[in-house]
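Novice: Below are the structure tokens for one structure; questions will follow.
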Amino acid sequence: MASILRHVRLLALDGDEPEGLVDLAWEHGRITELGQDLPAGAADQVWDAQGRWAMPGLWDAHTHFRSWALGLTRLDLSGAADADQVLALVRHRLDQPDRPEVLAGSGYRAALWPVQPCVAALDAVAGEQPVILTSADGHSAWFDSAALRLFDLPPRDGLVQEGELFALAPRLWAQERQAAGDEPLRAAQSRAAAQGVVGIVDFEFEPTFLTWPERYDRVGLLKVVCSTYSGDLDQAIGLGLTTGQRLAGRDDGPGVVMGSLKIISDGSLNSRTAHCFQPYAGADGLADPNGVQSVPAAELEDLLRRATAAGLQVALHAIGDAAVAIAIDQFTATGATGTIEHAQLLRWEDLPRLAATGVAASVQPAHLLDDRQPTFRLWPDRTDRCFPLAALGRAGVELRLGSDAPVAPLDPWLAMAAAVHRGDPADPPWNPRQALTVRQALTASLRSRLAVGQPADVVLLDEDVLTPDPDSATTARRLRATTPAATFVAGTLATPPW
Ligand SMILES: [Zn+2]
């Protein structure tokens, strides 16, 4: 059965799109025809877009999908101003009929509270219901007594802190995953589709090349590119997996495709572990004043060679400029292909070297909203080289936008707004020379075009998001407020009918 979507205006991404109202036709997940008044057969499914703007589906090039999906199910405590407000939120949640086995909440910030969290106060609200509330930075958690007992922790008055909490993390994660089942994964995909997302790259910390194919028939909605970490590389190679290979789903529909070997080669800005050529500001006393290269060059070379020989691309996490330079060296030396993930700080001289490798930069513009202040504190001497999105584009490096959800929300419009304005719309832009245009930001979020032979991944918008604004803050506000009217994934309507 063919489908026809009537009366769309094509977003002018490349400038050669036909103007005026056109119809799009597709079959078996691919666009077959584009033109005016396309004839419909009796069996064809016909929609009327009523003059809405159409663009290709959006992709998120970096997610930890199950973590994001589970996070959406937790009680959101980020708005709580003190312990009493947290307790009120917990009480309200426990009054709902669908009590979870263990109530999980997250996002509170207790540092400035006059009264610190205490177990007895939570017990008074929760009774025998296990409750685990994790702080916004993930370094402490407020358990009630029932939860302490459930996880064999000794009784106490205060919080479960770092070492003890981190050691428990795999058990907590397994419990939450098992109790939640498939529903959060389904809900999170629907939510992404409602934002115009048709595909995600998943770097969840699990063998996603096994978990996604196993569950895809039950929960699959979006196109998924899975991955392997080096710990599971032998297994992935043993299974004969190669980048681009389809692992689940219909040939002509959405499905799961094998992606890259993911390697985390350095740390992060906020923990002062991203590997840099210059030391962090105030690094005296730090064991590693320049950050940490967690996978040394020789080991990287070996991993890149093994992946490449097996037909796997590489997604290489490198945040500091020294880690990025080493990544470029190793991509060059081994001929490996793929992406550098994050590329948050670069030396200018490395831009042409990166371009020469053909490796794409998979970047998360929404991180610059949170990292702006830490950058001025920790990298005050190099703020001009942070998130150099425009310079990467000018150098000829392919950009792919993503969220790194749950680190930032899985929201391509937020990412694009951050790329365009480089700041919260209420603030002046940070280093606007490195801002992308809306067209560049959109292009970096797409993997197809609305043209014959291309995937039938179509998003309908109520307005033309390429309309120019007087300033980037206005554009950022407009992008953030964008909600597509409909999303088709491989020709299937993945959102409610408009
Ligand atoms: Zn990540």
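The values are calculated or read from the model by the stated rules, or taken from the named source; none is laboratory data. If you're wondering where the values come from, they're calculated on a predicted model, not measured in any experiment. Cβ: placed from backbone, ideal geometry, glycine included. Neighbour counts: every protein chain shown.
Novice: Out of 391, 366, 336, which single residue is in contact with a Leu (Cβ under 7 Å, 6 or more places away or on another chain) and either among the basic types (Lys, Arg) or farther than 29 Å from residue 204 by Cα (or both)? Steps first, answer last, please.
Specialist: Details: 366 fails: either among the basic types (Lys, Arg) or farther than 29 Å from residue 204 by Cα (or both); 336 fails: either among the basic types (Lys, Arg) or farther than 29 Å from residue 204 by Cα (or both).
Of 391, 366, 336, the one residue that is in contact with a Leu (Cβ under 7 Å, 6 or more places away or on another chain) and either among the basic types (Lys, Arg) or farther than 29 Å from residue 204 by Cα (or both) is 391.
Novice: Let me ask something else. Can you tell me which residue is farthest from the ligand (Cβ to nearest atom) among those in region 354-363 that are more than 15 Å from the chain's Cα centre (by Cα) and either under 15 Å from residue 404 (Cβ atoms) or crowded, with 24+ Cβ neighbours inside 10 Å (or both)?
Specialist: Pass one, region 354-363, residues more than 15 Å from the chain's Cα centre (by Cα): 354-360.
If we keep only those that are either under 15 Å from residue 404 (Cβ atoms) or crowded, with 24+ Cβ neighbours inside 10 Å (or both) as well, we get 354, 359.
Details: 354: 20, 359: 17 Å.
By that ranking, first place goes to 354.
Novice: With the requirement that a residue be without any contact (Cβ under 8 Å) to a residue 60 or more places away in the chain and part of a loop (DSSP other than H, G, I, E, B), what does region 337-349 give you?
Specialist: 337, 343, 346, 348, 349
Novice: Another question about this same structure. If residue 436 satisfies all but one of (1) touching a Leu at 6+ places or on another chain (Cβ under 6 Å); (2) closer than 18 Å to residue 199 by Cβ, what's the number of the condition it fails?
Specialist: It fails just one condition, (2).
Novice: What's the number of the only condition in (1) in contact with a Phe, Trp or Tyr (Cβ under 6 Å, 6 or more places away or on another chain); (2) of a type in the set (D, E, K, R); (3) within 16 Å of the ligand (Cβ to nearest atom) that residue 9 fails to meet?
Specialist: All conditions are met except number (3).
Novice: Residue under question is residue 201, and the condition is that it be surrounded by 23 or more Cβ atoms within 10 Å (Cβ to Cβ), at pLDDT 95 or above, out of contact with any Leu (no Cβ under 9 Å at 6 or more places or on another chain) and in a strand (DSSP E or B); does it hold? Before you say what the answer is, go through the steps one by one.
Specialist: On the way: surrounded by 23 or more Cβ atoms within 10 Å (Cβ to Cβ): yes; at pLDDT 95 or above: yes; out of contact with any Leu (no Cβ under 9 Å at 6 or more places or on another chain): yes; in a strand (DSSP E or B): yes.
Criteria met by residue 201.
Novice: How about region 399-419: which of its residues are out of contact with any Phe, Trp or Tyr (no Cβ under 9 Å at 6 or more places or on another chain), away from the ligand (no atom under 14 Å from the Cβ), farther than 12 Å from residue 387 by Cα and not aromatic (Phe, Trp, Tyr)?
Specialist: The answer is 411, 414, 416, 417.
Novice: Could you please give the count of residues in region 18-56 that are closer than 15 Å to residue 460 by Cβ and of a type in the set (D, E, K, R)?
Specialist: 3
This table checks each residue for (1) in the same structural domain as residue 29 (by TED's automatic domain parsing); (2) within 22 Å of the chain's Cα centre (by Cα); (3) over 15 Å from residue 368 (Cβ atoms).
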residue: 391; (1), (2), (3): no, no, no
residue: 414; (1), (2), (3): no, yes, no
residue: 421; (1), (2), (3): no, yes, no
residue: 425; (1), (2), (3): no, yes, no
residue: 484; (1), (2), (3): yes, yes, yes
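Novice: If we keep just the residues of region 38-68 that are among the small types (Gly, Ala, Ser) and over 20 Å from residue 483 (Cβ atoms), which is farthest from the ligand (Cβ to nearest atom)?
Specialist: Kept after step one, since they are among the small types (Gly, Ala, Ser), are these residues of region 38-68: 40-43, 49, 51, 54, 57, 61, 67.
Remaining after also requiring over 20 Å from residue 483 (Cβ atoms): 40-43, 61, 67.
On the way: 40: 44, 41: 46, 42: 49, 43: 44, 61: 11, 67: 9 Å.
Among residues in region 38-68 that are among the small types (Gly, Ala, Ser) and over 20 Å from residue 483 (Cβ atoms), the one farthest from the ligand (Cβ to nearest atom) is 42.
Novice: Could you say whether any residue in region 383-400 is touching a Cys at 6+ places or on another chain (Cβ under 8 Å) and either among the β-branched types (Val, Ile, Thr) or surrounded by fewer than 20 Cβ atoms within 10 Å (Cβ to Cβ) (or both)? Steps first, answer last, please.
Specialist: Here is the first cut: in region 383-400, the ones touching a Cys at 6+ places or on another chain (Cβ under 8 Å) are none.
Within region 383-400, none of the residues are touching a Cys at 6+ places or on another chain (Cβ under 8 Å) and either among the β-branched types (Val, Ile, Thr) or surrounded by fewer than 20 Cβ atoms within 10 Å (Cβ to Cβ) (or both).
Novice: If we scan region 284-304, do we find a residue that is under 23 Å from the mean Cα position of the chain (by Cα), surrounded by fewer than 20 Cβ atoms within 10 Å (Cβ to Cβ) and touching a residue at least 40 places away in the same chain (Cβ under 8 Å)?
Specialist: Checked region 284-304: no residue is under 23 Å from the mean Cα position of the chain (by Cα), surrounded by fewer than 20 Cβ atoms within 10 Å (Cβ to Cβ) and touching a residue at least 40 places away in the same chain (Cβ under 8 Å).
Novice: Taking region 440-473 on its own, how many of its residues are in a helix (DSSP H, G or I) and over 22 Å from residue 21 (Cβ atoms)? Outline the logic, then answer.
Specialist: If we filter region 440-473 for residues that are in a helix (DSSP H, G or I), which is where we start, we get 440-443, 472-473.
If we keep only those that are over 22 Å from residue 21 (Cβ atoms) as well, we get 440-441, 443, 472-473.
Adding up the residues that qualify gives 5.
Novice: In addition: For the subset of region 337-353 comprising residues that are touching a strand residue (DSSP E or B) at 6+ places or on another chain (Cβ under 9 Å) and of a type in the set (A, V, I, L, M, F, W, C), which member is farthest from the ligand (Cβ to nearest atom)? If you could, list the steps in order and put the result at the bottom.
Specialist: Here is the first cut: in region 337-353, the ones touching a strand residue (DSSP E or B) at 6+ places or on another chain (Cβ under 9 Å) are 337-346.
Narrowing further to those that are of a type in the set (A, V, I, L, M, F, W, C): 340, 343, 345-346.
Values: 340: 13, 343: 13, 345: 17, 346: 18 Å.
Of everything passing the filter in region 337-353, 346 is farthest from the ligand (Cβ to nearest atom).
Novice: State whether the residues of region 223-234 include one that is of a type outside the set (Asp, Glu) and either more than 23 Å from the chain's Cα centre (by Cα) or part of a loop (DSSP other than H, G, I, E, B) (or both).
Specialist: Step one: list which residues in region 223-234 are of a type outside the set (Asp, Glu), which gives 223-231, 233.
Add one more test, that the residue is either more than 23 Å from the chain's Cα centre (by Cα) or part of a loop (DSSP other than H, G, I, E, B) (or both), and what stays is none.
No, there is no match, as no residue in region 223-234 is of a type outside the set (Asp, Glu) and either more than 23 Å from the chain's Cα centre (by Cα) or part of a loop (DSSP other than H, G, I, E, B) (or both).
Novice: Let me ask another. From the residues in region 109-146 that are of a type in the set (D, E, K, R), over 28 Å from the mean Cα position of the chain (by Cα) and surrounded by fewer than 19 Cβ atoms within 10 Å (Cβ to Cβ), which one is modelled with the lowest pLDDT? Write out each step before concluding.
Specialist: First pass over region 109-146, keeping only residues of a type in the set (D, E, K, R): 109, 123, 128, 137, 144.
Checking the rest, the ones that are also over 28 Å from the mean Cα position of the chain (by Cα) come to 123, 128, 144.
With the extra rule that they be surrounded by fewer than 19 Cβ atoms within 10 Å (Cβ to Cβ), the set shrinks to 123, 128.
Values: 123: 98, 128: 95.
Per the criteria, the residue is 128.
Novice: How about region 235-251: which of its residues are surrounded by 15 or more Cβ atoms within 10 Å (Cβ to Cβ) and over 14 Å from residue 211 (Cβ atoms)?
Specialist: 237, 243, 245, 249
Novice: Report whether or not residue 225 is buried (at least 21 other Cβ atoms within 10 Å of the Cβ), out of contact with any Phe, Trp or Tyr (no Cβ under 8 Å at 6 or more places or on another chain), free of Cβ contacts under 8 Å to residues at least 40 places away in the same chain and under 24 Å from residue 403 (Cβ atoms). Before you say what the answer is, go through the steps one by one.
Specialist: On the way: buried (at least 21 other Cβ atoms within 10 Å of the Cβ): yes; out of contact with any Phe, Trp or Tyr (no Cβ under 8 Å at 6 or more places or on another chain): yes; free of Cβ contacts under 8 Å to residues at least 40 places away in the same chain: yes; under 24 Å from residue 403 (Cβ atoms): yes.
For residue 225, the condition - buried (at least 21 other Cβ atoms within 10 Å of the Cβ), out of contact with any Phe, Trp or Tyr (no Cβ under 8 Å at 6 or more places or on another chain), free of Cβ contacts under 8 Å to residues at least 40 places away in the same chain and under 24 Å from residue 403 (Cβ atoms) - is met.
Novice: Filter region 305-336 for residues that are part of a strand (DSSP E or B) and within 16 Å of the ligand (Cβ to nearest atom); which is surrounded by the fewest Cβ atoms within 10 Å (Cβ to Cβ)?
Specialist: In the first step, residues of region 305-336 are kept if they are part of a strand (DSSP E or B); the result is 313-318.
Pick out the ones that are also within 16 Å of the ligand (Cβ to nearest atom) and you get 314-318.
Values: 314: 27, 315: 28, 316: 32, 317: 25, 318: 29.
Selected residue: 317.
Novice: Among the residues of region 147-162, count how many are surrounded by fewer than 20 Cβ atoms within 10 Å (Cβ to Cβ) and without any contact (Cβ under 8 Å) to a residue 40 or more places away in the chain.
Specialist: First, the residues of region 147-162 that are surrounded by fewer than 20 Cβ atoms within 10 Å (Cβ to Cβ): 148-158, 161-162.
Pick out the ones that are also without any contact (Cβ under 8 Å) to a residue 40 or more places away in the chain and you get 148-149, 151-157, 161-162.
Summing the residues that are surrounded by fewer than 20 Cβ atoms within 10 Å (Cβ to Cβ) and without any contact (Cβ under 8 Å) to a residue 40 or more places away in the chain in region 147-162 gives 11.
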